[in-house]
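For reference, the structure discussed in these notes is given below.
The values are calculated or read from the model by the stated rules, or taken from the named source; none is laboratory data. Note that the coordinates shown come from a computational prediction; the quantities given were computed from them, not determined experimentally. We place every Cβ from the backbone using ideal geometry, glycine too, and count neighbours over all the protein chains shown.
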Amino acid sequence: MNSENLYVSLDVGTSSVRAIIGDMSGGALKIIGVGRAPSIGMRKGAIVDIDETVKAIKEAVDQAERMVDLEVKQVIVGINGNQVEMRACNGIVAVSSTDREIQDEDVERVIDAAHVMSIPPDREIIDIIPAQFIVDGMDGIKDPRGMLGTRLEMEGTIITGAKTALHNLLRCVERAGLEIADIVLQPLASGSVAVSKDERSLGVALIDIGGGSTTVSVFQEGQLQTMSFLPIGGSHISNDISVGIRTTAEEAERLKLEHGHAFIDDASDDLSFSIQTLGNNDQKKFTQLELAEIIEPRMEEILTLVQQEINRMGYHDLPGGYVLTGGAVMMPGTLELAQDIWKQHVRLAMPDYIGVREPTYTASIGLIEFAYKSMKVHSGEESVVAAGRSEKYAESDRPASAGEANYRNGSSTRQQNRTKEKDPEEPGFKERMRSVFKSFFE
């Protein structure tokens, strides 16, 4: 197993933290490690307790490490839509080569030129999405390399995030003993696996309903056009159950996952369960239908707010329809309720990999796929995880084979070299983000 083909994604959510180790050997993703830990340091997509968030990150990564007996060094971190803004940007440069052929350096310079714009001091650049390149006035070009011209332009979208929220998340990752290999906007990552090429071209809305928030992203003409963040999600449903049935938050979450149904018309009156309510030692009996009468109004509110938000963004008819993903859509009846409310084509998106066939893992899988396609992680000798067996989980003093020993020692040497050669004046967040575009088209 080649460590340079291993990618580790880290999705820090409101209800849970998910870590996935994927092997991209041969260009096909194979999930080899999965970790998941409850997240109590997040609220509505924002960090409210750094220590608890660090603890959850460590636990999730530790679980994934144990599955493959590897020690994770670097992770691809997902940034949610909270406090994220999108603005149009453009850059113009002169072609540098004497023969007027556009090369990689010209593409890199024009993308760097797009960074030159007024950004408020409390915001940080996350990513730039090129929409098209223009060569001597000819537009609609996706990849200008190899073309002849004297002037190269790029039109696209620059994505910025609140500096405080970004740095708090990065601080948690670093305090968990991990390095950041890449930073990816989660709607972009989720869209890379949840939305088809035809849907992105025609126009589609991707709705990610998480534990404490809902992210609405609209794709059209092959690009992410706009996105919005709603501070409401599955945890609000759990809270309604807790209040309505008068039980603890933990019990309400369990009932939602095991017996919940989002569509009253399809809920069963025969399926019953008993729980102990607060202030009462006796068991009380409830049916799935009674539970659905609590769940459906809140889920209807979420879906209605999503529809209103899409209309507010100026999209009233999306040929590609709607795609639902996220942990909250796993509940039976969610798809049927969405179809009944939106009167549009709606489908569920979930990863098709063993061990992660749940919508809650869509963003985690997307982070790996997006990073691999963008060639943002591979750079020289650097790998995402440490090769060989982790010393933390050594089973015994079993002698390693010659190949395994060489592989382990070689990786250890690379790790030491990176430590020795690390520049104390390490580039900041903005510079790290700029550097990823060098291999954007590779």
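Some values worked out for this structure:
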quantity: Pairs where the first residue, in the stretch 27-56, is acidic (D, E) and the second is assigned to a strand (DSSP E or B), C-beta under 9 Å, 6+ apart; calculated: D49/M42; D49/R43; E52/M42
quantity: Which listed residue is among the basic types (K, R), in contact with an Asp or Glu (Cβ under 8 Å, 6 or more places away or on another chain) and under 22 Å from A189 (Cβ atoms), from K30, K44; calculated: K30
quantity: Subset of the stretch 4-32 (residues that are more than 21 Å from E174 (Cβ to Cβ) and more than 17 Å from the chain's Cα centre (by Cα)); calculated: E4, N5, D23, M24, S25, G26, G27, A28, K30, I32
quantity: Selection count where residues are of a type outside the set (S, T, N, Q) and within 16 Å of G244 (Cα to Cα), scope the stretch 265-297; calculated: 16
quantity: Any chance V61 is in contact (Cβ under 8 Å) with a residue 60 or more places away in the chain and farther than 19 Å from L185 by Cβ; calculated: yes
quantity: The one condition in (1) β-branched (V, I, T); (2) within 30 Å of I207 (Cβ to Cβ); (3) not in a loop (DSSP other than H, G, I, E, B) that V93 fails to fulfil; calculated: (2)
quantity: Flag for E179 being free of Cβ contacts under 8 Å to residues at least 60 places away in the same chain and not small (G, A, S); calculated: no
quantity: Filter pass, P121 being in the same structural domain as C89 (by TED's automatic domain parsing), more than 30 Å from E101 (Cα to Cα) and modelled with pLDDT of 85 or more; calculated: yes
quantity: Some residue of the stretch 202-209 being aliphatic (A, V, I, L, M), within 17 Å of I129 (Cα to Cα) and either buried (at least 24 other Cβ atoms within 10 Å of the Cβ) or in contact with a Pro (Cβ under 6 Å, 6 or more places away or on another chain) (or both); calculated: no
quantity: Residue in the stretch 140-152 that is aliphatic (A, V, I, L, M) and in a loop (DSSP other than H, G, I, E, B) present; calculated: yes
quantity: Count - residues of the stretch 155-171 that are in contact with a helix residue (DSSP H, G or I) (Cβ under 8 Å, 6 or more places away or on another chain) and farther than 11 Å from V77 by Cα; calculated: 5
quantity: The stretch 333-354, residues that are among the aliphatic types (A, V, I, L, M) and in contact with a strand residue (DSSP E or B) (Cβ under 8 Å, 6 or more places away or on another chain); calculated: L335, A338, V346, L348, A349, M350, I354
quantity: Near pairs, Cβ below 7 angstrom, 6+ apart or cross-chain, from the stretch 114-143 (more than 15 Å from T157 (Cα to Cα)) to any residue that is at pLDDT below 85; calculated: D143/F441
quantity: Residue within the stretch 366-386 that is surrounded by fewer than 19 Cβ atoms within 10 Å (Cβ to Cβ), hydrophobic (A, V, I, L, M, F, W, C) and modelled with pLDDT under 90 present; calculated: yes
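Here's the yes/no breakdown for (1) at pLDDT below 90; (2) surrounded by fewer than 17 Cβ atoms within 10 Å (Cβ to Cβ); (3) hydroxyl-bearing (S, T, Y):
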residue: A56; (1), (2), (3): no, no, no
residue: A60; (1), (2), (3): no, no, no
residue: A64; (1), (2), (3): no, no, no
residue: L70; (1), (2), (3): yes, no, no
residue: V84; (1), (2), (3): yes, no, no
residue: R87; (1), (2), (3): yes, yes, no
residue: I92; (1), (2), (3): no, yes, no
residue: D106; (1), (2), (3): no, no, no
